[in-house]
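In what follows, a single structure is set out as structure tokens and then discussed.
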Amino acid sequence: MSGHSVYPQHYLRRMGYFYLVILWSIWCGLHSMLISLTVTDWLRKRFPDGFRFYRIAYNLFALVTVVPVLRYAASLRTDPVIVWGGPWRPVPVLLGLGALFFFIAGSRRYDSLQFFGIRQLKGENARSGLASDGRLDTGGILSIVRHPWYSAGILLVWIRPMDMAAILSNLVICGYFMIGAWLEERKLRQRFGRQYVAYQQRVSMFFPFKWARRKILQKD
């Protein structure tokens with residue numbers, strides 16, 4: 001009898017995890033689609049005067065629609081599977097410091113007004129890249145990694161103690177960051193061509209592996 005009473009609960013929890021992954025995938029896929037070149041080019045042509053509101057509307061829509069997903073993830077909360085204790089206690093601190101470094105360093109190179117949609121709202125021209133002057137910016141942190149804000153996000157989601165729902169959520173979110181970076185780079189390759197391809201070959205996407213390798217080879 002006890003086996004019959006336990007099995008449905010485990011089954012329902014597994015189904016809950018499945019639905020959670022589906023919800024996150026839908027949210028990520030929808031927002032990747034809405035920022036894709038196909039959609040944004042169509043909207044720009046269809047609504048040339050109103051397109052300046054698109055970025056801020058996109059950000060607000062992303063914020064509102066993520067709330068029910070987060071609430072559903074919270075409803076599946078159980079005891080943590082991963083706890084950063086004992087010898088692992090420094091890990092979340094290091095991850096947090098790394099995320100803070102990437103975010104602050106990225107803020108020094110990106111056009112934050114464009115990212116949040118304020119520049120477009122003011123009627124100023126949006127740019128394919130987030131550099132403040134509209135050119136391909138490869139200075140500062142962008143000489144070490146190509147997407148420091150995504151790097152910050154990837155590190156940040158792993159800081160907390162994690163149950164299975166959090167682990168699954170983090171995996172989908174990190175996948176979303178990768179897709180977002182790929183979509184952004186497709187736009188940048190169209191704008192800057194071979195210059196951006198050469199930049200991709202020289203600089204790592206999220207973490208400074210190529211930069212570190214160059215530094216090691218220089219010492220040798």
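Throughout, read-outs are computed from the coordinates displayed, never taken from laboratory work. Because the structure is a prediction, the values reported are computed rather than measured.
Summary of computed values
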item: Nearest 10 degrees, 0 to 90: helix 37-46 Cα axis against the chain principal axis; result: 60
item: Tilt relative to the chain, helix 209-219 - C-alpha long axis, 0 to 90 degrees, to 10; result: 70
item: Net length gained if the chain between SER32 and LYS215 were fully extended (0.36 nm per residue, minus Cα distance); result: 62.4 nm
item: 0 to 90° range, to nearest 10: angle between helix 54-75 axis and the chain longest Cα axis; result: 10
item: Between the stretch 65-99 and the stretch 139-184, the alpha-carbon center distance in angstrom; result: 14
item: For the chain, calculated [θ]222 nm from helices alone, where every DSSP H run of n ≥ 4 adds -39500 (n - 2.57); result: -22000 deg cm²/dmol
item: Under 5 Å, built H, 5+ apart or other chain: amide partners of PHE206; result: ARG146
item: Range of Cα positions in the stretch 1-102 per principal axis (Å), largest first; result: 64, 41, 19
